[in-house]
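**Student:** Here it is, the structure in full.
We did not get these values from a lab; they are worked out from the coordinates using the rules stated. As the structure is a prediction and not an experimental result, all values here were calculated from the model. Counting neighbours? That spans all protein chains shown, and the Cβs are built from the backbone with ideal geometry, glycine included.
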Amino acid sequence: MKTRPIVLDLFCGAGGLSLGFEMAGYQIGLGVEKEVLPYRTHCLNFGSVCYLGDISSIGDPERFIQEHDLERVDVIIGGPPCQGFSRVGRGKIRHLRNEPDYIHDPRNQYYKEFIRFVGVLRPLYFVMENVPDMQYYHDSEELLLKKAMRSFEEMGYLVDSRVLWAHHYGVPQTRRRLFVVGNRLGQGICWPPETHQHHPVTVWEAISDLPIVPHGHRLDVMPYEPRGELTSYQRQMREEAGDLLYNHQTRYHNEQDLAAFALMPEGGKYIDLPAEYRRYRSDIFKDKYRKLCRERPSWTIEAHIGKDSYRYIYPSRLGEPEPPRTISVREAARLQSFPDRFRFAGPFTRQFSQLGNAVPPLLARAVAEAILPGVLAGMTGQRGEESTSSCRYNSSLIEVTDPVR
């Protein structure tokens, strides 16, 4: 810990951000999570360095980290939930301000807890992550993101934000996430260079080695017997995984669903099915079913996958050995870039929810590596230098526009 930057992960969930920073060489000093199953998953994978409880109940952050044997915190990371906010205009917000449910929704306050911890603990860097729509949310009559960034700047932090595409950084999934990065060292903000924007990892490159299993498969631990030569991504996912495979469980489906899955082409949707295979209104549930494409990245793995996985149908093909079904927990984890050594705790439906809520670790790793030289310079008392064109500081970035280029 004396040489590695120490990280405090607020709202850590299962640990997607934690894992990415650990991969980049940071020490995960402590996580904070209020839900039991994500807490158990984080403990399982990071040596029980996690606190179970609501962050708002922690009155003194300095005393809190001391009680957990941390002398310092170099970097604070986390994705505070913002579900209580709405993407609505100012006129609607003025109306909502008079609505008790909106004013007192506790989810509207969690981003303030992140700011509070940064203000008290004064880390060298912080990384706050959220859905891209956070840039459109309002708190009172002001954009939430602009309000948060001004709070950090008033503490003496240089701050920048950017929306990043996960598949540009080796994640086999077209997922967008908003990152807010700041430091109190006077350094320009360094963003990771895009490494895979022209050759993204595909679904089949990510999961084709995994053992064939039917729908309703319930073994949470099984031998790993690869199907042919591994891709570079698969080799990366298998590092330190041994001879076993975890969480390769699948949902059970009725015969009508299985027939529909088999009939659908890759990329096909529910609305494309013949009428006899539709059990729901096709004008409302146009993409109730959706079959993954082997030669493309997956679309976003959402937390809703914990309720059903119809939008993530395995890309089986007629005449080939893979049976029709939806993807397994481990396949979803692969598409999120969780390596096979990472185990999810709890019932398999809750495992789905945990990984759907998580930040893809390889995306987190890219951000962690981009700021690492600055963090290390700060730890040794040196002023970081802007060494690449991707390092910049621009406090005027926040606008009600999509910053993705």
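**Student:** Can you tell me which of 29-41, 144-156 comes out highest on packing, and rank the rest after it, using the mean Cβ neighbours within 10 Å?
**Tutor:** Top to bottom by mean Cβ count within 10 Å: 29-41, 144-156.
**Student:** On to the next question. Describe numerically, in nm with one decimal, the distance between label points set 7 Å from Cα along Cα→Cβ at Leu230 and at Ile271.
**Tutor:** Once both label points are built, they end up 4.1 nm from each other.
**Student:** So, one more: Please report Ser140, Ser328 as a ranked list, fewest other C-beta atoms within 10 angstrom at the top and most at the bottom.
**Tutor:** Ser140, Ser328
**Student:** Further question on the same structure: Could you sort 353-361, 239-247, 337-345 so that the peptide with the highest average Cβ count within 10 Å comes first and the rest follow in order?
**Tutor:** The densest-packed peptide leads the list: 353-361, 337-345, 239-247.
**Student:** Now a separate question. If each of Gln256 and Arg279 carries a label point 7 Å out from its Cα toward its Cβ, how far apart are those two points in nm?
**Tutor:** 0.6 nm
**Student:** So which DSSP H runs in the chain come out at 20 Å plus along the axis (Cα) with average Kyte-Doolittle of at least 0.5?
**Tutor:** Helices meeting the criterion: 361-379.
**Student:** For the pair Thr174/Glu153, report the inter-label distance in nm, with labels modelled 7 Å from Cα in the Cβ direction.
**Tutor:** 3.4 nm
**Student:** Here is a follow-up. Considering the alpha-carbon set of the chain alone, what are its Rg and its Dmax in angstrom?
**Tutor:** Rg, Dmax (Cα atoms, Å): 21.8, 69.
**Student:** Continuing with this model, one more query. Output the peptides 362-370, 57-65 sorted from most to least packed, where packing is the average of other Cβ atoms within 10 Å over each peptide's residues.
**Tutor:** 362-370, 57-65
**Student:** Cα gyration tensor of the range 17-66, axes a ≥ b ≥ c as square roots of the eigenvalues: rounded (a/c below 1.5), prolate (a/b > b/c) or oblate?
**Tutor:** Since a/c reaches 1.5 but b/c is at least a/b, the shape of the range 17-66 is classed as oblate.
**Student:** While we're looking at this one, here's another question. Using DSSP, restrict attention to beta bridges with both residues in the chain and report what percent are antiparallel, rounded to the nearest 5.
**Tutor:** 55 percent
**Student:** I would also like to ask the following. GluC sites (Glu not before Pro), restricted to the range 164-235: which are DSSP loop and have at most 12 other Cβ atoms within 10 Å?
**Tutor:** The qualifying sites are Glu229.
**Student:** Could you tell me which of rounded, prolate or oblate describes the range 291-330, using a ≥ b ≥ c as the square roots of the eigenvalues of the alpha-carbon gyration tensor, with rounded for a/c under 1.5 and, failing that, prolate when a/b is larger than b/c and oblate otherwise?
**Tutor:** Judged from the Cα gyration tensor, the range 291-330 comes out oblate (a/c at least 1.5, b/c at or above a/b).
**Student:** Sequence-distant or interchain residues sharing an amide H contact under 5 Å with Val127, placed H: which?
**Tutor:** Distant-sequence amide H within range of Val127: Ile76, Ile77, Gly78.
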